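For reference, the structure discussed in these notes is given below.
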Amino acid sequence: MALSNTGNSYISVETSTPYMVIVRKELRPTFRFILDKFKEKNGQFPIVGRLIIERRKVELSTNIMVKKTEWDLINGQLKNKLKNHEAHKKLIKMESEILQIIEHREAKGLPITSKIIKKIYQKKIDKDSAEGATYTILQYFDTYISIIEKSTADYTEETVQHHRTTKSHLIEFHKSINLTDSPIHIIDTAFLQKFYDFLRTWQNPKLKRAMNGNSANKYMSKLRSVLHKAKAEKLISANPFEDFKLKRYKPKSLNLIDQEIIQIIDKNLQNESLDRVRDYLIMSIFMGGMRFSDLSQLKLKNIFEEDGHYFVYLDGQEKTENSVHTPLLPPAVYILKKYAKEQTEEGYILPRLSHSKLNLYLKTLGDICGINKSMTHKIARHSFATTICGRNGMPRHITSAWIGHVQEDTPTNTYAQLTKEESFKYLKMLWELYSKEQFLPKVINR
């Protein structure tokens, strides 16, 4: 009995280098039943199934014994199928199951070898097992993360953490579809769409809700960067993101007003973690709305004093690479001094915190202070631009300069260059406004 197929070619994956995957069409598999003439028992011989793929064969036991006279050696089948009806049905079923396994793995783009098919038939591995793939997406994610962890000049710890989180979301996604991993070369636009839909609907156990569109886009972009590298290393012929466009969501520009900032500063917190999270938020609000990625990396060498005021200077922001030269308003100066005794040998001005933990605690802080707004660290940047600068009459070009925005090359911006005199004029105005007692943290020394 020979295994017939539908005319489709089968796929196998071979390794030519540690990073290279070659996907190519192979010879059609053959499956037939033979009589094992070397294992005679009481005048009967076992029938075994022989599967050959790429000239490599395996044999599978059928647990059927027959006499030599009952077996057609030329055609590989029972002579009298009516007499051995149950055995004949069992052989047909076995052949059908082998064919279905092969066709299933072909449709999924999974590696097909005779040993893998045998393991699946014997239920030693799942039919969707990634065994045989040179690289699976989760395995390759580990490789990618290990590289960027060492590239400290190009990647911040926050960026590395975002990639780790993306991998954890991919793990949860695979669990949701009853898989442990996926071969990297089969990831297509359908896979991307399913993963994106998962991100938008999966209920995070900690947050008790699904993520918004912008958060989903952030993790999708990390997957895109990993697949981009995979393409460069020729693991895949094309990045599926080339045909998959992320939907843009306009972020809500929520900001804290003065009264809400006062509520946060004035609240007596009985928790050190919440206290530190508050300090991150307040320092960012009163230091140019600095992003968490930059604030968490800020060191003493970035702070300098000029004409009685403190300033922070960054040669390039983590997100935009634009330089920042912005003043510290009184609440930020107080927090800077508050942690003077705790600043590490590396010179970080604030205790180390992860972005995810910070945002989680900010939500708790908002609840404690009775603020019904989406509390993430991003609110600090909007609060500086809108509340601290906009509502106090600051010119836009000064706000843009302090916040580190790119100025478009227009005639207006060309002639609106920020001078030291103008900068100090508005700095003194804001200093007077926010040096009032209600804006200052209650404890300076720890």
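Would you mind stating whether Asn255 is within 20 Å of Asn372 (Cβ to Cβ) and either in contact with a strand residue (DSSP E or B) (Cβ under 8 Å, 6 or more places away or on another chain) or at pLDDT 90 or above (or both)?
Working: within 20 Å of Asn372 (Cβ to Cβ): yes; either in contact with a strand residue (DSSP E or B) (Cβ under 8 Å, 6 or more places away or on another chain) or at pLDDT 90 or above (or both): yes.
Against the criterion (within 20 Å of Asn372 (Cβ to Cβ) and either in contact with a strand residue (DSSP E or B) (Cβ under 8 Å, 6 or more places away or on another chain) or at pLDDT 90 or above (or both)), Asn255 qualifies.
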Tally, over the stretch 39-55, of residues that are open to solvent by 100 Å² or more (accessible area, probe 1.4 Å) and either touching an Asp or Glu at 6+ places or on another chain (Cβ under 6 Å) or at pLDDT below 90 (or both): 1
Of all residues in the stretch 364-382 being within 21 Å of Ser354 (Cα to Cα) and polar (S, T, N, Q), the one that is modelled with the lowest pLDDT: Ser374
Which numbered condition Thr69 fails, given (1) over 30 Å from Ala133 (Cβ atoms); (2) open to solvent by less than 80 Å² (accessible area, probe 1.4 Å): (2)
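Determine whether the stretch 228-246 contains at least one residue that is of a type in the set (Lys, Arg), farther than 21 Å from Lys373 by Cβ and free of Cβ contacts under 8 Å to residues at least 24 places away in the same chain.
Our first condition is that a residue be of a type in the set (Lys, Arg); within the stretch 228-246, this holds for 229, 231, 234, 245.
Remaining after also requiring farther than 21 Å from Lys373 by Cβ: 229, 231, 234, 245.
Within this subset, residues satisfying the condition of being free of Cβ contacts under 8 Å to residues at least 24 places away in the same chain are 231, 245.
Taking every residue of the stretch 228-246 in turn, at least one turns out to be of a type in the set (Lys, Arg), farther than 21 Å from Lys373 by Cβ and free of Cβ contacts under 8 Å to residues at least 24 places away in the same chain.
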Sole exception among (1) in contact (Cβ under 8 Å) with a residue 12 or more places away in the chain; (2) over 20 Å from Ala153 (Cα atoms) for Lys301, by number: (2)
Among (1) of a type outside the set (Ser, Thr, Tyr); (2) more than 28 Å from Asp367 (Cα to Cα); (3) touching a His at 6+ places or on another chain (Cβ under 7 Å) - the single one Ile303 does not satisfy: (3)
Candidates Ser354, Ser383 - the one that is within 31 Å of the chain's Cα centre (by Cα), closer than 15 Å to Ile264 by Cβ and open to solvent by less than 60 Å² (accessible area, probe 1.4 Å): Ser383
Options Lys127, Lys123: the member that is more than 31 Å from the chain's Cα centre (by Cα) and part of a loop (DSSP other than H, G, I, E, B): Lys123
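Could you say whether any residue in the stretch 289-308 is β-branched (Val, Ile, Thr), modelled with pLDDT of 90 or more and open to solvent by 10 Å² or more (accessible area, probe 1.4 Å)?
Within the stretch 289-308, the subset β-branched (Val, Ile, Thr) is 303.
Those left that are additionally modelled with pLDDT of 90 or more: 303.
So of that shortlist, the ones also open to solvent by 10 Å² or more (accessible area, probe 1.4 Å) come out as 303.
Yes.
From the list Phe244, Phe195, pick out the single residue that is open to solvent by less than 40 Å² (accessible area, probe 1.4 Å) and under 11 Å from the mean Cα position of the chain (by Cα).
On the way: Phe244 fails: under 11 Å from the mean Cα position of the chain (by Cα).
Of Phe244, Phe195, the one residue that is open to solvent by less than 40 Å² (accessible area, probe 1.4 Å) and under 11 Å from the mean Cα position of the chain (by Cα) is Phe195.
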Answer from Thr152, Thr143, Thr165 - the residue that is open to solvent by 10 Å² or more (accessible area, probe 1.4 Å), more than 13 Å from Lys222 (Cα to Cα) and under 15 Å from the mean Cα position of the chain (by Cα): Thr143
Odd one out for Ala238, checked against (1) closer than 21 Å to Ala380 by Cα; (2) over 15 Å from the mean Cα position of the chain (by Cα): (1)
Lone unmet requirement of (1) assigned to a helix (DSSP H, G or I); (2) more than 15 Å from Arg276 (Cα to Cα) for Ala332: (2)
Residue within the stretch 84-92 that is farther than 11 Å from Ile34 by Cα, at pLDDT below 95 and touching a helix residue (DSSP H, G or I) at 6+ places or on another chain (Cβ under 7 Å) present: yes
Complete set of residues in the stretch 95-120 that are more than 32 Å from the chain's Cα centre (by Cα), more than 20 Å from Thr136 (Cα to Cα) and open to solvent by 10 Å² or more (accessible area, probe 1.4 Å): Glu95, Ser96, Glu97, Leu99, Gln100, Lys118
Selection within the stretch 394-446 - assigned to a loop (DSSP other than H, G, I, E, B) and modelled with pLDDT of 70 or more: Met394, Pro395, Gly404, Thr419, Tyr434, Ser435, Lys436, Leu440, Pro441
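Do we find that Lys206 is part of a helix (DSSP H, G or I), under 21 Å from Arg164 (Cβ atoms) and charged (D, E, K, R) in this structure? Step through it out loud before you land on a result.
Numbers: part of a helix (DSSP H, G or I): no; under 21 Å from Arg164 (Cβ atoms): yes; charged (D, E, K, R): yes.
No, not satisfied.
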Residue in the stretch 1-10 that is outside any loop (DSSP other than H, G, I, E, B), over 39 Å from the mean Cα position of the chain (by Cα) and modelled with pLDDT of 90 or more present: no
Condition met for Ile101 (without any contact (Cβ under 8 Å) to a residue 60 or more places away in the chain and closer than 21 Å to Thr30 by Cα): yes
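The values are calculated or read from the model by the stated rules, or taken from the named source; none is laboratory data. Source: prediction; values computed, not measured. Every residue, glycine among them, receives a Cβ derived from its backbone with ideal geometry; neighbour counts consider all protein chains shown. Ligands, DNA and RNA are stripped out before the accessible areas are found, and what is left, the full protein with its side chains, is counted by its heavy atoms. Shrake-Rupley method; radii C 1.70, N 1.55, O 1.52, S 1.80 Å.
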